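The values are calculated or read from the model by the stated rules, or taken from the named source; none is laboratory data. Computed from a prediction, not measured in an experiment: that's the story for all the values here. Quick reminder, even Gly has a Cβ in these numbers, built from the backbone with ideal geometry, and neighbours come from all protein chains shown. Accessible surface is based on the protein model in full, side chains and every heavy atom, while ligands, DNA and RNA are left aside. Shrake-Rupley method; radii C 1.70, N 1.55, O 1.52, S 1.80 Å.
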Amino acid sequence: MTSSDAEAQRLRDLARLRRVRDRIDREYTQPLNVEALARGVGMSAGHLSRQFKIAYGEPPYRYLMTRRIERAMALLRRGDRTVTEICFEVGCSSLGTFSTRFTELVGVPPSVYRQQASRATEGMPECVSKQVTRPVRNREAPVPEEPLESPA
């Protein structure tokens, strides 16, 4: 395989990965799994997971859950539905898994988030509150800064 063939293959793979990401963004409320996503673009599930992580920094299932949690955050800020209703509305089939992933990603359980977020974004335009409250994956495992020690 020449370098131009390899580059052409890489570009085809990136296009397929974009289609997977777009499908997740569009169909996050549907029951999606990596095998079905991979079949849809003619890749194996393992290859899709590895390549997706290289391209987007996280595997497809984690990306899907992040999209679901982002949507759940917006619905919780509105405050007109229960956590259980929101869980199923965003495509999760288990309240326990939803609450666990929400807490890992956001830092607080969904019910606490609803109380805090309703006050924190009051009077803020939706486009701004959406950006400000977007989950940041790095909050999952914050690394404390350690002071540098001087050599003895």
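Observations
- Modelled spin labels at Glu89 and Ala45, positioned 7 Å past Cα toward Cβ, are 3.1 nm from each other.
- Taking all protein chains together and rolling a 1.4 Å probe, Met124 ends up with roughly 70 Å² accessible.
- Centre separation in Å (Cα based) which lies between the range 73-104 and the range 18-57: 22 Å
- Electrostatic bookkeeping for His47 treats Lys and Arg as +1 and Asp and Glu as -1; over the other residues with beta carbon under 14 Å from its beta carbon, the sum is +4.
- Only protein heavy atoms count here; on that basis, with a 1.4 Å probe, Arg23 has an accessible area of about 70 Å².
- The range 7-72, relative contact order [Cα under 8 Å, separation at least 6], %: 32 percent
- A probe of 1.4 angstrom, applied to the heavy atoms of all protein chains, finds Glu122 with accessible area near 140 square angstrom.
- Modelled label reach - Val108, point 7 Å along Cα→Cβ, the range 44-76 residues with backbone N closer than 19 Å: 69-76
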